[in-house]
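**Student:** Quick one: the structure is below, and I'll ask about it shortly.
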Amino acid sequence: GRSNDHRPQYPASYDLPNIIAVAAAENRFGRAPFSSLGRTTVDLAAPGTCTYSTVLGVGYGYKDGTSMATPHATGTVALVMSREPDLHWRKVRERILYTARPNPAFRGFTLFGGVLDAAAAIGDCNRNSVLDELDIAGGGSADCSKNGIPDECEPDCNVNGIADSCDLQSKTSTDCNDNAMPDECEPDCNGNKIA
C-alpha cells in the first residue's frame, strides 16, 4: 500500500526494459488498498482481489494480492505472443501497456493510468469487431505513431484529444526522461515547469 516510487519493491523496481510492473485493482476496478502504486515505477493495474485460484493443501479458493494481478498480465503476454509469435518482446510489452483501459482510480498513480485490457492487447482495442491492423489499413482508424495501435486506443494523459505517442512524435510535447509520457503529465514537485 505504499508508493513504489519512494520505497522500491523488487522485482518490479528493477530498471530493466522487459518488466511490466503491475498494481492490483479491485473487482470493480478501484485501487486495492494493499497494492503499492507508483506514478513512475508501476505501469498499470490488473484484477487482484477475489481471484479464484489454487490454494496449497485446500484445492481452490479466493485470493487477493498483486500475486493475483501479475498472472493476468503474464497471461495476456502469452495470448498476444500466441497470436503473433514473431512479434518482438518490446512490441508485446508496448501492446500491453498502450492498450490499458484508462481508469481514473489509477491516473496519476501508475505510469499508464489504466487497467490491463486483454481484448485490446490481442488486437481489437476499440471493440468494433474489426482487428486493429485492418482498421488502420482500411482507414477506419489513424495510427500516427505507426505502432499498430489505433490512436483512439492510446493514452491521452494531457487530454488534448491527441494520443500521447503522437504528441511526442510531432514534438507538440516533450519527453525529457524518455518514458513515453509527455512531460506535462508527470509530477513537477518543485514547480519549475520541468517534470
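**Student:** Per residue, how much accessible surface does the chain expose to a 1.4 Å probe? Answer in Å², no decimals.
**Tutor:** Details: 10960 Å² over 195 residues.
Value for the chain: 56 Å² per residue.
**Student:** Let me ask something additional. When all protein chains stay in place, what accessible area (Å², nearest 10, 1.4 Å probe) is found for THR66?
**Tutor:** THR66 has an accessible surface of roughly 50 Å² with all protein chains in place.
**Student:** Give the residue list of trypsin sites (Lys or Arg not before Pro) in segment 25-64 that are DSSP loop and have at most 12 other beta-carbon atoms within 10 angstrom.
**Tutor:** Values: sites: ARG28, ARG31, ARG39, LYS63; in loops: ARG28, ARG39.
Hits after loop and neighbour filter: ARG28.
**Student:** Counting DSSP beta bridges in the chain, what percent are antiparallel, to the nearest 5?
**Tutor:** Working: 8 of 16 bridges.
Beta bridges within the chain, antiparallel portion: roughly 50 percent.
**Student:** Report for segment 8-106 the percent antiparallel among DSSP-assigned beta bridges with both residues inside it, nearest 5. Don't skip to the end; give the middle numbers.
**Tutor:** Details: 6 of 10 bridges.
In segment 8-106, DSSP labels about 60 percent of beta bridges as antiparallel.
**Student:** Which listed residue (ILE122, THR174, ASN4) has the Cα farthest towards the positive end of the charge dipole for the chain, taking +1 on Lys and Arg C-beta and -1 on Asp and Glu C-beta about the Cα centre?
**Tutor:** After comparing all options, I get ASN4.
**Student:** What Rg and what Dmax come out for segment 66-195 when only alpha-carbon atoms are used, in angstroms?
**Tutor:** Over segment 66-195's Cα set, Rg and Dmax evaluate to 15.2, 46 Å.
**Student:** Okay, moving on. Kindly sort SER141, SER36 by accessible area of their heavy atoms, largest first, with the probe set to 1.4 Å.
**Tutor:** Details: SER141 10, SER36 35 Å².
If we order SER141, SER36 from most to least accessible, we get SER36, SER141.
**Student:** Right, next: Can you give the extra length, in nm with one decimal, that the chain gains between LEU87 and ILE194 once fully stretched, where that is 0.36 nm per residue apart less the Cα-Cα distance? All intermediate terms of the calculation are to be shown ahead of the outcome.
**Tutor:** On the way: separation 107, 0.36 × 107 = 38.52 nm, distance 3.53 nm.
Full-extension gain reported as 35.0 nm.
**Student:** So if I place +1 on the C-beta of Lys and Arg and -1 on the C-beta of Asp and Glu, and nothing else carries charge, what would the dipole magnitude of the chain be about its Cα centre? I want it in debye, nearest 20. Numbers along the way, then the final one.
**Tutor:** On the way: 17 positive and 26 negative charges, 160 e Å.
So the dipole magnitude of the chain works out to roughly 760 debye.
**Student:** Leaving out ligands, DNA and RNA but keeping every protein chain, what accessible area does VAL159 have, in Å² rounded to the nearest 10, with a 1.4 Å probe?
**Tutor:** Taking all protein chains as shown, VAL159 has close to 100 Å².
**Student:** Is any residue of segment 60-91 close enough, with backbone N under 20 Å, to a label point placed 7 angstrom from the Cα of CYS50 along the Cα-Cβ axis, and if so, which?
**Tutor:** 60-73, by backbone N distance to the label point.
**Student:** Can you give the local net charge around ALA24? Use residues other than it whose beta-carbon is closer than 15 angstrom to its beta-carbon, Lys and Arg +1, Asp and Glu -1. It would help to have the intermediate numbers written out before the result.
**Tutor:** Details: positive: ARG2, ARG28, ARG31, LYS63; negative: GLU26, ASP43, ASP64.
Summing Lys/Arg as +1 and Asp/Glu as -1 gives +1.
**Student:** How far is it, in nm, from the label point at TYR14 to the one at GLU152 when both lie 7 Å from their Cα along the line to the Cβ?
**Tutor:** Result: 3.9 nm between the two label points.
**Student:** Also, I was wondering about something else. At 1.4 Å probe size, with no ligands or nucleic acids counted, give the accessible surface of LEU116 in Å², nearest ten.
**Tutor:** Its accessible surface works out to 20 Å², give or take rounding.
**Student:** Segment 8-103: percent of C-alpha pairs farther apart than 15 Å? It would help to have the intermediate numbers written out before the result.
**Tutor:** Numbers: 2887 of 4560 pairs.
Within segment 8-103, distances greater than 15 Å cover 63 percent of Cα pairs.
**Student:** In addition: Once you list every other residue whose beta carbon is under 15 Å from the beta carbon of SER82, what net charge do they have if Lys and Arg are +1 and Asp and Glu are -1?
**Tutor:** Working: positive: ARG83, LYS91, ARG95; negative: GLU84, ASP86.
The answer is +1.
**Student:** As I understand it, the dipole of the chain uses +1 on the Cβ of Lys and Arg and -1 on the Cβ of Asp and Glu, about the Cα centre. Which of SER13, GLY65, LEU79 lies farthest toward its positive end?
**Tutor:** GLY65
The values are calculated or read from the model by the stated rules, or taken from the named source; none is laboratory data. On a predicted model such as this, the values are computed, not experimentally measured, just so you know. Note that we place each Cβ from the backbone using ideal geometry, even for glycine, and neighbour counts take in every protein chain shown. In case anyone asks, the SASA skips ligands and DNA or RNA and just uses the protein heavy atoms, side chains included. Shrake-Rupley method; radii C 1.70, N 1.55, O 1.52, S 1.80 Å.
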